[in-house]
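The values are calculated or read from the model by the stated rules, or taken from the named source; none is laboratory data. Just so we're clear, the structure is a prediction, and the values are computed from it rather than from any experiment. Here Cβ is always computed from backbone atoms with ideal geometry, including for glycine, and neighbour counts include all displayed protein chains.
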Amino acid sequence: MKKFSSLKPYLTGCLWIIIVSLCCALVATGSKLMIPFLAGKLINQLAAGNVDEAKFRLYLEIMFILVGSGTLFRYAFDYLTTLLGQKVIKNLRNSLFKAYQEAPISYIDQHRQGDLVLRLVNDIENVQTGLVAGFAAFYDGIIAILFTLGFMASLNWALALIVVLLTPISMLISRKVSKFNSKYFKAQAKSSGEVMAFASESLTNSETVTTLDIASLREKDFDQVNSAYRQNTFKAAFGASLINPSTRLVNAIINAAVIAIGSVFLINKVNVGVVFLVGDLSAFLTYAANYMQPFNEISDVVTEIDYAFASFKRIDDAVHLERDVNRGQEVVKGKIETLKADNLHFSYDPSREIIKGFSLDIFQGHKVALVGPTGCGKTTLINLLLRFYDPQKGAFYANAISTQDLEKKAFRSHVGMVLQDTWIFSGSVYDNIAYAKPEASKEEVYAAAQKAQAAGFIERLPQGYDTLISDSSGLSIGEKQLLCVARVMLLEPEIVILDEATSAIDIRTESLLSKSFDELMKGKTSLVVAHRLSTIAGSDLIVAMKEGEIIEMGNHQELLAKKGFYSSLYEAQFH
């Protein structure tokens, strides 16, 4: 029951569908199962040679009506269960996508993207085919069992009792096999995620794989992951295949017992308080077969339900993941005049501290550059400032208010960021630029593109700003970066963060872009992470970092004069 109760949040707005579909199942199944009862009465008249034509005709007419109504309500039941399934899947997918959007960056960083996508697509489809369709077959089967029991009891309660007493054997076998299979379905779902994640990583980084000539190594590694998936799938499929033959064997034994005992009742005219004739035995045998059929169908869907629950567990775990915690309630009034990092300590892994006692004052309108070798903590500082992560010790302050006390969304609205990795979605060039500010006028969008030096190549596209693009549309990395820069230009934030923003842009474009950056950052606070030291020579303050600590600070000329770490980096690039 705990498993079923976890589905409740995703059944919002579906109660009426459940009730109406249940009523349709009652009418459809009742109509179908009434027909053998009436047919048995007709056989009784024919066997006795005493046919009441009026009653015979009435029974036939009722049977035709039952066939029509059963078909109509069966169609309605199938339609409603399909509708229910799609509504549940929509709710599930929305909830999961919302959870991903609200998840801490640390959660996304620690999980393979292929596995996250698998939950959003394959696992949800498994829930659709297994849980929703399976449960529809399940409660339809329960209704059929109850109706069949009622008709059998009305024909011969003694035979009905025999059938009922033998039924638990079939159910016990089905339950034992299903319980045994559950662990294999969980392992299969996990292996499926690993295959998806591995394939996604290889395809996403295909250029690197080709350049390093490690395709054969990746194929070997994939074969290992795929072999584990094959083994788990085989075990799950083999276990599932045991359910149906086992229950059908028991069903055959029950049918044989009904025929034998029923024949004895007829031949010896055994009196059990009801009239039991050959037509009744014929109807009873039909009911006995119908009675076991739902158990067979239920045993078939139990496997799908187990597999679906394994997928649902993965989805539900992600839906209930810890959200990006926002305990801050304060907002910055007016503009952010000062930013201060005070004794920051941070580590992704307790065994290795990335930021060690970092302190820095950043004033409004100043351009501050962070330089240093890869892994020294430059990007990590940006993550801490924007509260993608929180430090283990110390804090960032905006206008003397700890950023951990500020409401995240309100604080981030003051900041615009351009990363090394571009994000271009499928849509027009115009929509990509205006995405963060949909209310912007066309003039503002065009002006932002002009400032970002993107207008030139945009106007050369087939449909200009209306050209449809995507991340794989054929634009160069530099062109995509220019669009991302234009997007930030449009926002005109108070604080501008450039994290290797010009690393993928050619020297000529970088030269043009630096002018627009200067205009954008005029009167604004800017924080620049760069490996190309030529882009930060005009910074008000350059902070040289190594192993999470500040080792030098000053402007370009001061640091060159020191002949220290920054000077050696500069000379290494230009001499």
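A compact table of results
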{"read-out": "Listing of helices (runs of 4 or more DSSP H) fully contained in the range 64-171 that carry 2 or more residues being of a type in the set (Val, Ile, Thr) and over 16 Å from the mean Cα position of the chain (by Cα)", "value": "133-155"}
{"read-out": "Residue in the range 267-296 that is farthest from Leu46 (Cα to Cα), counting only those that are aromatic (Phe, Trp, Tyr) and either touching a strand residue (DSSP E or B) at 6+ places or on another chain (Cβ under 7 Å) or at pLDDT 80 or above (or both)", "value": "Tyr287"}
{"read-out": "Leading residue by the ranking (surrounded by the fewest Cβ atoms within 10 Å (Cβ to Cβ)) among those in the range 58-89 that are closer than 24 Å to Asp123 by Cβ and among the polar types (S, T, N, Q)", "value": "Gln86"}
{"read-out": "Filter result for Asp306 (in a helix (DSSP H, G or I) and free of Cβ contacts under 8 Å to residues at least 24 places away in the same chain)", "value": "no"}
{"read-out": "Qualifying residue in the range 363-384 (condition: over 19 Å from Lys524 (Cα atoms), in contact (Cβ under 8 Å) with a residue 24 or more places away in the chain and among the charged types (D, E, K, R))", "value": "yes"}
{"read-out": "Residue in the range 353-373 that is under 30 Å from the mean Cα position of the chain (by Cα) and assigned to a loop (DSSP other than H, G, I, E, B) present", "value": "no"}
{"read-out": "When residues of the range 482-525 are limited to those that are among the hydroxyl-bearing types (Ser, Thr, Tyr) and crowded, with 23+ Cβ neighbours inside 10 Å, the one modelled with the lowest pLDDT", "value": "Thr502"}
{"read-out": "Residue match in the range 468-481 (condition: in the same structural domain as Tyr348 (by TED's automatic domain parsing) and at pLDDT 85 or above)", "value": "yes"}
{"read-out": "Test: residue in the range 87-94 that is among the hydrophobic types (A, V, I, L, M, F, W, C), farther than 19 Å from Ile145 by Cβ and without any contact (Cβ under 8 Å) to a residue 40 or more places away in the chain", "value": "no"}
{"read-out": "Top-ranked residue in the range 431-446 [being in contact (Cβ under 8 Å) with a residue 40 or more places away in the chain and part of a helix (DSSP H, G or I); ranked as nearest to Thr467 (Cα to Cα)]", "value": "Asn432"}
{"read-out": "Breaking point among (1) surrounded by fewer than 16 Cβ atoms within 10 Å (Cβ to Cβ); (2) under 23 Å from Ala289 (Cα atoms), for Trp16", "value": "(2)"}
{"read-out": "Leading residue by the ranking (nearest to Ser359 (Cα to Cα)) among those in the range 535-564 that are assigned to a helix (DSSP H, G or I) and in contact (Cβ under 8 Å) with a residue 24 or more places away in the chain", "value": "Ile536"}
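One line per residue, one yes/no per condition, for (1) of a type in the set (A, V, I, L, M); (2) touching a strand residue (DSSP E or B) at 6+ places or on another chain (Cβ under 8 Å); (3) at pLDDT 85 or above; (4) part of a helix (DSSP H, G or I):
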{"position": "Pro9", "(1), (2), (3), (4)": "no, no, no, yes"}
{"position": "Gly13", "(1), (2), (3), (4)": "no, no, no, no"}
{"position": "Cys24", "(1), (2), (3), (4)": "no, no, yes, yes"}
{"position": "Ser31", "(1), (2), (3), (4)": "no, no, yes, yes"}
{"position": "Met34", "(1), (2), (3), (4)": "yes, no, yes, yes"}
{"position": "Ala39", "(1), (2), (3), (4)": "yes, no, no, yes"}
{"position": "Leu42", "(1), (2), (3), (4)": "yes, no, no, yes"}
